[in-house]
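The values are calculated or read from the model by the stated rules, or taken from the named source; none is laboratory data. What you are looking at is a predicted structure, and each value in this text was computed from that prediction instead of being measured. No Cβ is skipped: glycine too gets one built from the backbone with ideal geometry, and neighbour counts run over all protein chains shown. Each accessible area value is taken on the protein alone, full model and side chains, heavy atoms only, with ligands, DNA and RNA left out. Shrake-Rupley method; radii C 1.70, N 1.55, O 1.52, S 1.80 Å.
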Amino acid sequence: MPRGQKSKLRAREKRRQARQARAKTQTQGLEGAEAIAAEEGELSFSAHPVLEGSPQNEPATETPSTSQEIPSSTSDTAGAASGADSNEGASKQDEESSESAKALESFRRDPLNKKVVLLVQFLLKKYQSKEPITKADMLRLVIKKYKLHFNEILRRASEHMELAFGIDLKEVDPMRHSYALVSKLDLTLDGMTNEENLPKTGLLMIVLGVIFMKGNCAPEEAIWEVMNMMGVYADKKHLIYGEPKKVITEDLVQLKYLEYRQVPDSDPPRYELLWGPRAHAETSKMKVLEFLAKIYDTVPSAFPVWYEEALRDEEERALARAAARARIAMTAHSRAMASSSSHTK
C-alpha cells in the first residue's frame, strides 16, 4: 500500500477514535444524569441513541453510496464471530461496563452534575407552565451556593435539554438575563407544547432522523431498534415519553408530523414511517442532520451521503421559496395593473 494512503488511513482511524471517545463521554454524562434524577424520584431523561451510520460506527465516508442505506454497525457482525471472538467480545464488554461504572461514579461525585439535573427539571417545569425563566430564579431556587459555577451548570443543562428533548435554551433579554426555551421544530399547534407532550419534540427529531437515514422511508422495526437503544420500548410506558408506541404511531401521526402506513402486500402486516406534511413544512433534512450531528459532537458533513442530500433539499427549498415570492409579486403586479386600468376608464 502506498505510504501516502497508509498515512491517510492512520489519520482517519485517529479521527474515528477521537469521535468515539467524545460520543462515549457524552453518553456516560447523560446516563449519569438520568441515574441521579431517578434516585431523586424526579423526572429523568434518556441518553442519546446510537444510530447506525453514526461517526463512531464508521459510515462510508470515502465512497458514498447512492442507496441511502445506513451502513451496518459493528454490532451487526457480532453474531458471525467465532467462539474465541465471542470470548474476546465478552471480555471487552466487561471492560467497557467497568469503565462505564467508573465514569458513572465519577459523574455522581461531581456536585455540579446534581445541580445540572435539578436545573433541567426546573427548566422543564417552567416550560410546561409557560412561566418566564430568569437567571435570578435559577440562582435562588436551584444553583444556590454554586453561583460561581452558574455558567458551566447552565451550559450542561442546556446541552441535556437539546439532546434529550430537542429544546434550545436561548437568552432573550441580556439586560434582565431572561431566557426562553424554544423547540427545534417551529411548532404551530399547542398539541406539542403542553405538559403531557412536552418532551416529544426530541423523540420526533430522532424518528425523523432515522427515516431520513433509511432513505426517507423507515420500517417500523428500524425505529424501535433505535428507540430500544435509548431505553424506550414499544410495550413499556416511559417516564418521560408516556406510551411510546401511541406517541409515534398515533399522536405524531394525527399531528401530521409522521405518516404511518402498512407495507403493501405484507403478510403478516408490517408498517413503515415517513415524514408527514408538517415535518416537511416545519423542519428540514439539514436541521435534523444538524441535530444528530450535535448529538455526536461533530458536523453534518461527517455524514457525507445524507449531507449531500440535505444540501440538495436546501437548494430545492430555496428555489421553491423564490418561485413562491415571484408568484406573489406577479399576482400583486397584475392586481395593481388591473386596478390602475379600471381607474383610467
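Report, in whole Å, the centroid distance computed from the Cα atoms of the stretch 253-320 and the stretch 119-181. If we compute the Cα centre of each part, the gap is 30 Å. For the cross-link pairs Lys144/Lys200; Lys114/Lys147; Lys135/Lys256; Lys200/Lys237; Lys144/Lys184, the ones whose C-alpha atoms lie over 25 Å apart are Lys144/Lys200; Lys135/Lys256; Lys144/Lys184.
When each of the peptides 208-219, 242-253, 326-337 is scored by how many other beta carbons lie within 10 Å of its residues on average, the order from highest to lowest is 208-219, 242-253, 326-337. Measuring max minus min along each principal axis, the C-alpha atoms of the stretch 286-328 give extents of 41, 16, 9 Å (largest first). Taking every alpha-carbon pair in the stretch 204-345 and binning the separations at 10 Å intervals from zero gives 10, 31, 27, 14, 9, 6, 3, 0 percent.
On the beta carbon distance between Asp297 and Arg335, with R0 = 51 Å, the FRET formula returns roughly 0.45. Per residue, the solvent-accessible area of the stretch 209-328 (1.4 Å probe, heavy atoms of protein chains only, all protein chains present) comes to 50 Å².
Share of Cα-Cα pairs in the stretch 207-265 beyond 16 Å, in percent? The share of Cα pairs beyond 16 Å in the stretch 207-265 comes to 45 percent.
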